[in-house]
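Here the structure comes first, spelled out in structure tokens, and everything after it is commentary.
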Amino acid sequence: QVQLVESGGDLVQPGGSLRLSCAASGRIFAIYVMGWYRQAPGKQRELVASISSGGNTNYADSVKGRFTISRDKAKNTVYLQMNSPKPEDTAVYYCYAHLRTDDHTPVSEYWGKGTQVTVSS
């Protein structure tokens, strides 16, 4: 079994900062990509940022220059540093990972249960 557990969601003021964490645990052979999606009420889930095992990053245009994704491979953990958040960043943030549980299985996608981020004064 593989679990992804997010933490760090909170109420934050516009212009402040917040860091989300997501730790993967369980039977993990290799993690290839980790990242974050978010879903605001009444909207579709959208990709926020992702990072590959090689360190390549990808960001949604709406967060470029404000959010930074990083990864601690030794801890199977991915972070999302949110600087200068805006009210429109309010959403449930979900962590995901593309990984293999052993060298005989294909890459599968796993999801966390989400953490609420509210940006409001």
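Structural remarks
- Of interest is the spacing of the C-alpha centroids, which for the range 1-80 and the range 81-121 amounts to 5 Å.
- Evaluated with a Cβ-only charge set (Lys, Arg +1; Asp, Glu -1), the chain carries a dipole of roughly 100 debye about its Cα centre, given to the nearest 20.
- Protein heavy-atom surface of the chain, 1.4 angstrom probe: 45% of the accessible area is carbon and sulfur, with nucleic acids and ligands not counted.
- Antiparallel bridge percentage (DSSP; both residues within the chain; nearest 5): 95
- Most mobile listed residue (V107, V33, V78) in the chain, GNM with C-alpha springs under 10 Å: V107
- For R66, no residue whose modelled amide H falls within less than 5 Å of its own remains once neighbours fewer than 5 places apart on the same chain are excluded.
- Estimated distance in nm for a label pair at Q39 and R66, the labels positioned 7 Å out from Cα along Cα-to-Cβ: 2.2
- For the range 17-26, 3J(HN,Hα) per residue [Karplus equation, 6.51 cos²θ - 1.76 cosθ + 1.60, θ = phi - 60°, Hz, x = Gly/Pro]: 8, 7, 10, 9, 10, 9, 10, 9, 9, x
- Candidates G42, G54, G26: whichever shows maximal mean-square fluctuation once the chain is modelled as a Gaussian network with Cα springs under 10 Å: G42
- Here the simple spin-label model places points 7 Å from the Cα toward Cβ, and for Q13 and T118 these points are separated by 1.7 nm.
- Counted residue by residue at 0.36 nm each, then reduced by the alpha carbon distance between them, the extension gain from R27 to N83 reaches 16.8 nm.
- Accessible surface area normalised per residue over the chain is 54 Å², counting heavy atoms of protein chains with a 1.4 Å rolling probe.
- The chymotrypsin sites (Phe, Trp or Tyr not before Pro) of the range 1-65 meeting both criteria, a DSSP state outside H, G, I, E and B (loop) and at most 13 other C-beta atoms within 10 angstrom of the site's C-beta, are F29.
- Enclosed volume per residue, in Å³, of the convex hull spanned by Cα atoms of the chain: 96
- DSSP-assigned coil residues among trypsin sites (Lys or Arg not before Pro) in the range 1-78, each with at most 16 further Cβ atoms within 10 Å: R27, K43, R45, K64, R66
- The label-point distance for T57 and K75, in a model that sets each label 7 Å from Cα toward Cβ, rounds to 1.7 nm.
The values are calculated or read from the model by the stated rules, or taken from the named source; none is laboratory data. Note that the coordinates shown come from a computational prediction; the quantities given were computed from them, not determined experimentally. Please note: Cβ atoms are built from the backbone with ideal geometry, for glycine as well, and neighbour counts cover all protein chains shown. For the accessible areas, the whole protein counts, side chains as well, though only heavy atoms, and no ligand, DNA or RNA atoms are used. Shrake-Rupley method; radii C 1.70, N 1.55, O 1.52, S 1.80 Å.
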